[in-house]
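Shown next, in structure tokens, is the structure this report addresses.
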2 protein chains.
Amino acid sequence: VTGVFFNKITVLGVGLIGASFAQAARKNGICSEIVGFGRSRENLARAQSLGIIDSFKADPADACEGADLIVLSSPVGSFLDLVRRSSSAFRTGTVVTDTGSVKGAIVHEIERLMPSGVHFIGGHPIAGGERSGIDAASPDLFASAKCIVTPTDRSDAVALEKITGLWMSFGSQVLTMDPDSHDRVYAYVSHLPHVIAYTLVNTVGENDRSLLDFVGQGFLDTTRIAASSPELWRDVCLLNRENVLESIRHFQRKLDLLEQYLTASDGDAVGGEFMKAQRLREGIGQD
Amino acid sequence: VTGVFFNKITVLGVGLIGASFAQAARKNGICSEIVGFGRSRENLARAQSLGIIDSFKADPADACEGADLIVLSSPVGSFLDLVRRSSSAFRTGTVVTDTGSVKGAIVHEIERLMPSGVHFIGGHPIAGGERSGIDAASPDLFASAKCIVTPTDRSDAVALEKITGLWMSFGSQVLTMDPDSHDRVYAYVSHLPHVIAYTLVNTVGENDRSLLDFVGQGFLDTTRIAASSPELWRDVCLLNRENVLESIRHFQRKLDLLEQYLTASDGDAVGGEFMKAQRLREGIGQD
């Protein structure tokens, strides 16, 4: 893929993902100007002084004026409001994309809010983890990471090609999925693990906070993502509620089973479950 | 602590922990000879050729002959059998220790099996994670790691001082705890996380194995310990059954609560739980 280029990119939400997107766009030479918008003027001024964005605006519509690529990279719960506040500035030919962790409930709504001639293509880079803020940003955050692009029946082919090319220029491995499939998959592989990590920390910490003084690397790794933004993950769970609930209930059934095996001191059954998991875990990325 | 020295150390179980123990003992100059015993002759020969052990024996009692420190570093489920097979070779003044993840059910039993004049002191280095085998061994595995030492009313003061000094000479942060407290604490901070990680992998992988193609770093970190030895963790769960079951039931109650909040679309309650967890997680090691 060559020739992906935008004159002016507007980044709505200059946190870890938005700032890294801006840096990657600059590093890979796919734009000439980057404008930012966000809730914190102080953060935007800092992003400008660090050269992450060229300028910023206090109003999202002003920030989008004249942009040929608009990126929604604020917490996913804020996308619809942001689009409503800025779409009057979208011009014919503008491509709008996002970096949110939920797609099904969002993509169709955003498509409906697009002015005529403006095309939305959803995207979800699988990167970032529990870090946040521009100090953790890197132009290489998306290199070698997966990025899920979620076109629909209504998607414009040229806009889709631009967004796919953009992520490929960042070095990402682009996978295409419809928005509802994306949400079913990521309920299991991302939203459920966050719910589990938060729950594990609360289980230990509420039982006796001093227990946390005895943890080793295993606990730290298992709960690393429990340091992620509570607001962001609350919104993800609410926006993808049915799929997340299904995955939680599936997990509960598996854990109930293990509890029964252990209650019965059934070592073969307990060991069998652990072995199945070990093989699945070691098989990841080995195909 | 200075002056901890053993003429001959016998390592029963030359895997990641046993081999790292041998390497640390050598590096820190606390012994002159190291003998190994284990199930696999091939592994022992390899450990000898790599200089991790000086020699090895096909029988545990032979391996313990003349040792003044004996280390049980095989999977914890095998300790009692190993002690029964080798204790005839323990001589007066010998100190026996272990590196197992369970203490309550083990320490008192092992104490009872000690010949007169032979002292057992339990130990649990919080290191190793999901890796296994001598290729992952390192003389620095225990440096900066916690090591829990679990004396009882019957423990010999001199033997306790030797074992504490030994781990300190390896650079470990030694914490002392009675065996039953150890098992209650580590049910929550280590055994439960393993159960959860195994269960999370099975939940995702059994729903649809191809889901595992879409995981990101968050899932990989959260389930890293699901690559740990199924046999070892089965034995840990069985040996520490009551505490592990209590921690599982505690976790189930917390997850049920979150499921109810999400079913009711109660964003404040969901976000409140996530925020509590985030603060607890970020507070670890910050005191």
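Quick one: how many residues across the range B:145-162 are within 14 Å of chain A (Cβ to nearest Cβ) and part of a loop (DSSP other than H, G, I, E, B)? Walk me through how you get there before you give the answer.
Taking the range B:145-162 as the starting set, the residues that turn out to be within 14 Å of chain A (Cβ to nearest Cβ) are B:145-150.
With part of a loop (DSSP other than H, G, I, E, B) added as a condition, the list becomes B:145.
Of the residues in that region, 1 qualify.
Kindly indicate which of B:GLY128, B:GLY133, B:GLY104 is within 16 Å of the chain's Cα centre (by Cα), over 21 Å from B:CYS64 (Cβ atoms) and surrounded by fewer than 16 Cβ atoms within 10 Å (Cβ to Cβ). Even if it seems obvious, please write down each step before you answer.
Values: B:GLY128 fails: surrounded by fewer than 16 Cβ atoms within 10 Å (Cβ to Cβ); B:GLY104 fails: surrounded by fewer than 16 Cβ atoms within 10 Å (Cβ to Cβ).
After applying the criteria, what remains is B:GLY133.
Could you please let me know if B:LYS162 is of a type in the set (Lys, Arg) and more than 15 Å from the chain's Cα centre (by Cα)? So that I can check it myself, show each step before the final result.
On the way: of a type in the set (Lys, Arg): yes; more than 15 Å from the chain's Cα centre (by Cα): yes.
Here the answer is yes, as B:LYS162 does meet what is asked.
Can you confirm whether A:GLU242 is of a type in the set (Asp, Glu), surrounded by fewer than 20 Cβ atoms within 10 Å (Cβ to Cβ), more than 16 Å from B:SER190 (Cα to Cα) and within 7 Å of chain B (Cβ to nearest Cβ)?
Details: of a type in the set (Asp, Glu): yes; surrounded by fewer than 20 Cβ atoms within 10 Å (Cβ to Cβ): yes; more than 16 Å from B:SER190 (Cα to Cα): yes; within 7 Å of chain B (Cβ to nearest Cβ): no.
It is false that A:GLU242 is of a type in the set (Asp, Glu), surrounded by fewer than 20 Cβ atoms within 10 Å (Cβ to Cβ), more than 16 Å from B:SER190 (Cα to Cα) and within 7 Å of chain B (Cβ to nearest Cβ).
Can you pull out every residue in the range B:245-257 that is open to solvent by 10 Å² or more (accessible area, probe 1.4 Å), among the aliphatic types (A, V, I, L, M) and at the interface with chain A (Cβ under 7 Å from one of its Cβ atoms)?
Pass one, the range B:245-257, residues open to solvent by 10 Å² or more (accessible area, probe 1.4 Å): B:246, B:249-250, B:252-254, B:256-257.
Filter again for among the aliphatic types (A, V, I, L, M), leaving B:257.
Result: no residue meets the conditions.
Filter the range B:59-71 down to the residues that are in contact (Cβ under 8 Å) with a residue 40 or more places away in the chain and either within 10 Å of B:PHE37 (Cα to Cα) or among the aromatic types (Phe, Trp, Tyr) (or both) and list them by number.
Of the residues in the range B:59-71, the ones in contact (Cβ under 8 Å) with a residue 40 or more places away in the chain are B:60, B:63-64, B:66-71.
Across the range B:59-71, the qualifying residues are B:PRO60, B:ALA63, B:CYS64.
Quick one: would you say B:ASP140 is of a type in the set (Asp, Glu), closer than 20 Å to B:ALA47 by Cβ, free of Cβ contacts under 8 Å to residues at least 40 places away in the same chain and out of contact with any strand residue (DSSP E or B) (no Cβ under 6 Å at 6 or more places or on another chain)? Give the steps one after another, and end with the answer.
Numbers: of a type in the set (Asp, Glu): yes; closer than 20 Å to B:ALA47 by Cβ: yes; free of Cβ contacts under 8 Å to residues at least 40 places away in the same chain: no; out of contact with any strand residue (DSSP E or B) (no Cβ under 6 Å at 6 or more places or on another chain): yes.
Spelling it out, it is not the case that B:ASP140 is of a type in the set (Asp, Glu), closer than 20 Å to B:ALA47 by Cβ, free of Cβ contacts under 8 Å to residues at least 40 places away in the same chain and out of contact with any strand residue (DSSP E or B) (no Cβ under 6 Å at 6 or more places or on another chain).
Being basic (Lys, Arg) and free of Cβ contacts under 8 Å to residues at least 24 places away in the same chain is the filter here; which residues of the range A:205-233 pass it? Give the steps one after another, and end with the answer.
Initial filter on the range A:205-233 (basic (Lys, Arg)): A:209, A:224.
Once the filter is applied, which keeps residues that are basic (Lys, Arg) and free of Cβ contacts under 8 Å to residues at least 24 places away in the same chain, the range A:205-233 yields only A:ARG209.
How many residues does the range A:136-160 contain that are of a type in the set (A, V, I, L, M, F, W, C) and open to solvent by 50 Å² or more (accessible area, probe 1.4 Å)?
2
What number of residues within the range A:209-236 are in a helix (DSSP H, G or I), open to solvent by 20 Å² or more (accessible area, probe 1.4 Å), more than 7 Å from chain B (Cβ to nearest Cβ) and under 17 Å from A:GLY100 (Cβ atoms)?
Residues meeting the conditions: 2.
Criterion first (touching an Asp or Glu at 6+ places or on another chain (Cβ under 7 Å), of a type in the set (Lys, Arg) and over 22 Å from A:ARG209 (Cβ atoms)) does B:ARG131 satisfy it? If you could, list the steps in order and put the result at the bottom.
Numbers: touching an Asp or Glu at 6+ places or on another chain (Cβ under 7 Å): no; of a type in the set (Lys, Arg): yes; over 22 Å from A:ARG209 (Cβ atoms): yes.
No; evaluated as a whole, the condition is false for this residue.
Which of the residues belonging to the range A:163-188 are touching a strand residue (DSSP E or B) at 6+ places or on another chain (Cβ under 8 Å), within 14 Å of another protein chain (Cβ to nearest Cβ) and surrounded by 24 or more Cβ atoms within 10 Å (Cβ to Cβ)?
Residues satisfying the conditions are A:SER172, A:HIS182, A:TYR186.
Look at B:PHE274 and say whether it is open to solvent by less than 30 Å² (accessible area, probe 1.4 Å), touching a Cys at 6+ places or on another chain (Cβ under 9 Å) and more than 24 Å from B:PHE79 (Cβ to Cβ). Steps first, answer last, please.
Details: open to solvent by less than 30 Å² (accessible area, probe 1.4 Å): yes; touching a Cys at 6+ places or on another chain (Cβ under 9 Å): yes; more than 24 Å from B:PHE79 (Cβ to Cβ): yes.
For B:PHE274, the condition - open to solvent by less than 30 Å² (accessible area, probe 1.4 Å), touching a Cys at 6+ places or on another chain (Cβ under 9 Å) and more than 24 Å from B:PHE79 (Cβ to Cβ) - is met.
Which residues, taken from the range A:195-208, are part of a helix (DSSP H, G or I) and more than 7 Å from chain B (Cβ to nearest Cβ)? So that I can check it myself, show each step before the final result.
So the first thing to find is which residues in the range A:195-208 are part of a helix (DSSP H, G or I), and the list is A:195-207.
Listed by number, the list holds a single entry, A:GLU206.
Residue under question is B:SER116, and the condition is that it be open to solvent by 40 Å² or more (accessible area, probe 1.4 Å), in contact (Cβ under 8 Å) with a residue 12 or more places away in the chain, of a type in the set (S, T, N, Q) and in a loop (DSSP other than H, G, I, E, B); does it hold?
On the way: open to solvent by 40 Å² or more (accessible area, probe 1.4 Å): yes; in contact (Cβ under 8 Å) with a residue 12 or more places away in the chain: yes; of a type in the set (S, T, N, Q): yes; in a loop (DSSP other than H, G, I, E, B): yes.
Considered against the rule, which asks whether it is open to solvent by 40 Å² or more (accessible area, probe 1.4 Å), in contact (Cβ under 8 Å) with a residue 12 or more places away in the chain, of a type in the set (S, T, N, Q) and in a loop (DSSP other than H, G, I, E, B), B:SER116 comes out as yes.
Return a yes/no flag: does the range A:183-197 have any residue that is touching a Leu at 6+ places or on another chain (Cβ under 8 Å), more than 25 Å from A:HIS108 (Cα to Cα), among the aliphatic types (A, V, I, L, M) and at pLDDT 95 or above.
We begin by selecting, within the range A:183-197, every residue touching a Leu at 6+ places or on another chain (Cβ under 8 Å); these are A:185, A:188-189, A:192-193, A:195-196.
If we keep only those that are more than 25 Å from A:HIS108 (Cα to Cα) as well, we get A:193, A:195-196.
Still in the running and among the aliphatic types (A, V, I, L, M): A:195-196.
Then drop every residue that is not at pLDDT 95 or above, which leaves A:195-196.
For the range A:183-197, residues touching a Leu at 6+ places or on another chain (Cβ under 8 Å), more than 25 Å from A:HIS108 (Cα to Cα), among the aliphatic types (A, V, I, L, M) and at pLDDT 95 or above: present.
What is the number of the single condition among (1) within 17 Å of A:HIS191 (Cα to Cα); (2) in contact with a Pro (Cβ under 9 Å, 6 or more places away or on another chain) that B:ASP256 does not meet?
Of the numbered conditions (1) within 17 Å of A:HIS191 (Cα to Cα); (2) in contact with a Pro (Cβ under 9 Å, 6 or more places away or on another chain), the odd one out for B:ASP256 is (2).
The values are calculated or read from the model by the stated rules, or taken from the named source; none is laboratory data. Everything numeric here is computed off the predicted structure, so don't read it as measured data. Backbone-built Cβ (ideal geometry, glycine too); neighbour counts: all protein chains shown. The protein model used for the area step is the full one, side chains on, heavy atoms only, and it has no ligands, DNA or RNA in it. Shrake-Rupley method; radii C 1.70, N 1.55, O 1.52, S 1.80 Å.
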